[in-house]
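The values are calculated or read from the model by the stated rules, or taken from the named source; none is laboratory data. Small disclaimer: the values here were computed from a predicted structure and weren't measured. Cβ: placed from backbone, ideal geometry, glycine included. Neighbour counts: every protein chain shown.
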Amino acid sequence: MISKLTQFELSAHFKQIGFWVAALLISWMTFLITGQRGSQLLFANSSHAIAQTMLFIVPNIIFVVCVLASSTLLRDSQYKMESLIFATPIDKFHYLTSRYLGLVLATLTLMAIAILVMMITLLKLEPALVGPFQLSHYVINFFIFFVPAVLFSCSVVFATAMFSKSMIAVYVSGIAVYVLYMIGSVLGNSPLMATSSPLLNEGVGFAALLEPYGYIAYIGQSAYWTAEQKNTLMPSLSGDLLLNRILWLTVSVSLFVITYYKFNFRQPAPVKKAKNTVNESLKSTLINTYQAVDVKHDFHSFNVQIWLSKLHLEYASITRGFTFIVLLIITVVFCGAILVSNIFNGPISNGQPYYPLTALMLEMLEQPLSDIGMLVAIFYAVELFWTERNVNINGLIDTTPTRNFTFYLAKLTTVLAVAFTLITAAIVVAILFQLSQSYFDIQPSLYLFLYYYAGMPITMAALLTLFLQRFASTKSLGLLFGFGIFAANIVIKFALFEHPLVSFAYKPQFIFSDMTQSLYHLEALNWYNAYWLSFALVLSVFTVKMWQRGTSTVSQKFTRGSIIALVLSGSSLAISGGVVFYQTNVAHEFLSKQERFDRQEQYERYYESFKSLALPTVISIDVAVDIYPSENKYRANGSYVYQNQTDKNIEQLLISFVSSGKLTQELQLKAATLVEYNDVYKQYIYQLNQPMMPGETRSLVFDMTIEHSAFVELDGEHYVTEKGTYIELEDVMPQFGFDNRLTISDEEERITRGLSEEHFRAPTNADQKVSDDWINFETVVSTSANQQVVAVGHLEKTWTENGRNFYHYKTKNKVIQQLAYVSAEFNDVVKNHNDVAIKIYHHPKHNKDNELIYDALTQTMDYFNHHYIPYKSDEFTVAELPYFSSNQSFGSAQPGIYLGVENRFFNLDNEDAQHNPLLRGVSHEFAHQYWGGYLEPNYIGGYATLTETLCKYTELVMARKLYGKYAANVEVHLSIDRYLQMRSYNSQVENPLYAVGFEPFIYYSKGKQVMHAMLDLLGEEKINRALKGLLLSHGYPNKPTSLDLIDAFYSVAEPAQKPIIDDLFKRVVFHEFEIHDANTTQNAQGLYVTEVDVSTRKLVLNRDTNEEEYELINEELEIGLYSGYPDVDNGNVLTLSKIHFNQDRSTISLYSKEKPSYVQIDPNRYRIDRAMVNNVMELP
């Protein structure tokens, strides 16, 4: 009987048009996602890629289940058939089980269709992106991810439907599950929601269990997998992933069991009879003599009253209901979880928390509230549209003399009132959170932005959903149409197709700069909202006219009022769309990803001959810069003096301009003829009238104006706003020669298009060179009267003229060509330290960190002066930059300047820090005056090793100097985690550190671990001696390579240490340590002897095959004994011993005065082991 009933239920699902529309939507989503998979190293049909695609789809399963349930689970109660069904011989087990199985099997069928689409999509991909077909990859991932997700979603919806008999409760349960997923993702720092590794948060273990679909657990499991492992390994039911699957399968089964035992199959819940509460005044009214009532003819007033009455009735009935209370609680918990997780974590792992600024509250809440609000709007719009139709009173209501617009407006405003109530609740949560942190600068007016930024997409979703209901024959299909809006937005964003005219309710990321009190993209947002709201209003006119009255499907004729509304909204649509199109496609150029690749390929092929031509060197720059903050533009006009420092004559020059803003430029090159100008690429080709001889100098004059627009994606290094400007002028001034910035950097795309590989080549001993390419720099810069300017050089003079402030800067010595300008409202603080003027420019309200900055800077400066060479300037400046993008870095090092970003460097909550939290950033950025400044490497492979990696070394030694030998151990652990996770996403064979290109996870994260290991190997004194020698022998104008750095380390190393240096810099090496057994006894002398059975394997990456190969170990490693579980900073260490290992497995003896509780190999992580769990053992 179960089989037949289940077949009946499944057949009922298949007969619903909603099922097939859901199949279409899921197929479309799967096709787009799978089409983005595949790379040079990772196949699109690898087990990992399949798992990633499934895990992108599973959060949407709950909405599909809600749609399927709306037409099946509640049909008996909706059509008053329960009494009849309960009177049949069907018992509770058959009834509930068949309904549940039918829902599960129908949903699994949709997931099977998704699997089929994943397979078919492979046919459209390039063959190089597809590996050998393995059916098992799909099957195993299906059962690990799809099946538990389906069971959980169906159990939640089934239980809710059986107990509540309310479709709106089912919808809310769907939202609740989605919010649970988002909370788990936020706490686990999911890559789908953030850029950093979830392994870097202490709460990841809890998040791995809390997130119901296993995504956090899986990325934790696969975090360190290589590309080869991702191609071959399958998810393993072990660790957090196993616990997660068990937990949520248990929850699913428990929900069904509870539903089964609690469900009352035979007797419906008793309905309380309403008491006769007719009061005496009403009774007296009923027996009054009949009096005629005047008929009201004010039809407009009547409809207004009807609208207000329906709004009050429907809003009250929703908000007083249990489901809304649940939804409200979900919103409060969700917002609280987001704020706690993000504010306390701060911008970087192991860093300081944010201040709970109102601007940051909004940034963190806006997108989640917008997403949840859209779901709420969709669900309630569908529910309210079908309310009268579901209870068959629409025929009665539709006969009333009420306008269509009145019905429409009542439902729309009710939906918006409910959604905005949730936004209000979120604002209350945010304010209470601020007050709980003793932060009282609430800025209530700023919170109004949340109604606008999050409220507009919600409004548009409600308008579009109501429009689509006219084309739905059932409520479930109407819900599916609404869900399609939400799913389409997610998929479009994933596919990176974000032209504002086609991406529904498009909006830039909300980031409000506290320093400038502004949103960078606000002007553009207003036009985007005007465009999409106009589009939705056009649809709303048709919605009103097509509003179904009774059984009639005939639309109303357009009246004068509706025609006016249509014309006005259509005109607004055309005007706003025209403005957006002009700003994005005419005033500025909008290119799709493929169009951008085409443009870059064309540039490279056309100008390829200029790659090998000799180029002059700029030796002097004199430029006047006028910044116009209120107009979002600046003008720069000036001159170069350039010199032929080659041994060849120069006869032809290619000169380019590159800017992210709207650029107009003029160029004058004396004694030269313009051969060609390309306006697309802003390229000039000049033929020199007389060849430029070696050693000869000439001049160039330029004049350019750059206007920045809120309609263009923010360039974090170039922007002009009313209260804050940042310009790195060297990037936009004319450049000599072939410009690599205009070429394709994606190696896979280069290979596809038949272009030569452009990765950084490894250095050789022949790459040492000398180049006197630093410049003398002088500038006069003006800005508005209320702002100051910080620029490179010594401030010679300031004055005011014509209501503008002027600043004259000039370098005392030649500097590297890094020419930043910052204009803002500043307060400045100046202190002197050993004849160096230290200047701090900060926003007037951001003055809490001045002493911390000064202390960290002077400590670092003293360290460099003592161990290397003296700082060569008599001033150093730290200035604050506005925060306008989450992609902005922490700042920029310039000659004699560090520019730090608010909410990244400035204005963090440092009050409870035990150590100076700014030491890491300040020491790193000051170190760039040396590493990348006085020591400027040749720009080939390993360039960043001499700049960023050595700055990471500075972070380590400063922490050790001030806070102890192991003070940086936590940072080393985090750096290793970052490196191991990010290397698994690398599309190229990994470079060793000495040959690294633009691979931050190597030169930052691995680089820090390498220098940590070097401190153990050579010691601080020898490393500093080597670096000092390198500065003296290879400083400017020499251009050293990473080989020179390695030679410097060789010079202070013992012969036995050189192979370890090679392992750290020249090879990609991993270790696998495992303690198999350990026992402690006490000898006759009273010492405790701990015998340890340990494996020490060494693996080396073969770059030709991209496979790791075993190599016999021959090196010293640390083993420690601890009084408790090992502290990261060795606070409870008893002994640390260095043991030489030369075989895979050894038994060693360790001695201690106290009885140890734990033993650990390589506790300070001087080697990289990807599975530390085997490195420590509790002693019996």
- Just a yes or no: is a residue in region 433-443 among the hydrophobic types (A, V, I, L, M, F, W, C) and touching a residue at least 60 places away in the same chain (Cβ under 8 Å)? yes
- Pick from region 785-809 the residues that are out of contact with any Lys or Arg (no Cβ under 9 Å at 6 or more places or on another chain), of a type outside the set (G, A, S) and not in a strand (DSSP E or B): which of them is nearest to P629 (Cα to Cα)? N802
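Yes/no per residue for (1) among the β-branched types (V, I, T); (2) at negative phi:
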| site | (1), (2) |
| --- | --- |
| G803 | no, no |
| T811 | yes, yes |
| K814 | no, yes |
| V829 | yes, yes |
| N834 | no, no |
| I840 | yes, yes |
| H846 | no, yes |
| D849 | no, yes |
| I869 | yes, yes |
- Task: Please enumerate the residues belonging to region 515-558 that are charged (D, E, K, R) and at pLDDT 90 or above.
- Result: E523
- Task: Please specify each residue of region 706-742 satisfying the condition of being touching a Gly at 6+ places or on another chain (Cβ under 6 Å) and under 20 Å from V580 (Cβ atoms).
- Result: E707, H708
- Is it the case that region 582-603 has a residue that's acidic (D, E) and part of a strand (DSSP E or B)? no
- Query: touching an Asp or Glu at 6+ places or on another chain (Cβ under 9 Å) and of a type in the set (D, E, K, R): does that describe E990?
  - Reply: yes
- Note on the structure: Of the candidates S771, S782, S745, the one satisfying the condition of being over 26 Å from E936 (Cβ atoms) and either modelled with pLDDT of 95 or more or out of contact with any His (no Cβ under 7 Å at 6 or more places or on another chain) (or both) is S782
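Among N740, N765, which is the only one that is of a type in the set (S, T, N, Q) and either touching a strand residue (DSSP E or B) at 6+ places or on another chain (Cβ under 6 Å) or closer than 27 Å to Y642 by Cβ (or both)?
The match here is N740.
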- Message: So for region 86-94 (the condition being at negative phi and buried (at least 18 other Cβ atoms within 10 Å of the Cβ)), does at least one residue qualify?
- Response: no
- Reported set for region 566-589 where residues are within 25 Å of E707 (Cα to Cα) and of a type in the set (V, I, T) is I575, V579, V580, T584, V586
- Message: Given (1) hydroxyl-bearing (S, T, Y); (2) buried (at least 20 other Cβ atoms within 10 Å of the Cβ); (3) without any contact (Cβ under 8 Å) to a residue 12 or more places away in the chain, identify the lone condition not met by Y215.
- Response: (3)
- Task: State yes or no: is K648 basic (K, R), part of a helix (DSSP H, G or I), farther than 30 Å from A524 by Cβ and outside the structural domain of T516 (by the TED database)?
- Result: no
- Task: Scan the strands (runs of 3 or more DSSP E) fully inside region 812-888 and keep the ones with 1 or more residues being of a type in the set (F, W, Y) and crowded, with 20+ Cβ neighbours inside 10 Å.
- Result: 820-824, 836-842, 875-881
- Item | Check on T721, surrounded by 19 or more Cβ atoms within 10 Å (Cβ to Cβ) and of a type in the set (S, T, N, Q) | yes
- Can you find a residue in region 684-696 that is at pLDDT 95 or above, among the hydroxyl-bearing types (S, T, Y) and not in a loop (DSSP other than H, G, I, E, B)? yes
- Message: Name the residue that is nearest to the chain's Cα centre (by Cα), counting only residues in region 958-985 that are crowded, with 21+ Cβ neighbours inside 10 Å and either free of Cβ contacts under 8 Å to residues at least 12 places away in the same chain or farther than 30 Å from A227 by Cβ (or both).
- Response: A968
- Message: Restricting to region 331-356, name every residue that is surrounded by 22 or more Cβ atoms within 10 Å (Cβ to Cβ) and of a type in the set (A, V, I, L, M, F, W, C).
- Response: F334, C335, I338, L339
- Message: Quick check on my filter: what residues within region 557-570 are part of a helix (DSSP H, G or I) and touching a helix residue (DSSP H, G or I) at 6+ places or on another chain (Cβ under 8 Å)?
- Response: S562, A565, L566, S569, G570
- Message: I'm checking my understanding of the structure. Among residues of region 605-635 that are under 31 Å from the mean Cα position of the chain (by Cα) and part of a helix (DSSP H, G or I), which one is nearest to E778 (Cα to Cα)?
- Response: P629
- Taking the residues in region 1143-1180 that are farther than 22 Å from S238 by Cα and among the basic types (K, R) as candidates, determine which candidate is surrounded by the most Cβ atoms within 10 Å (Cβ to Cβ). R1167
- For residues that are among the charged types (D, E, K, R) and part of a strand (DSSP E or B), scanning just region 730-784, find the one that is surrounded by the fewest Cβ atoms within 10 Å (Cβ to Cβ). K769
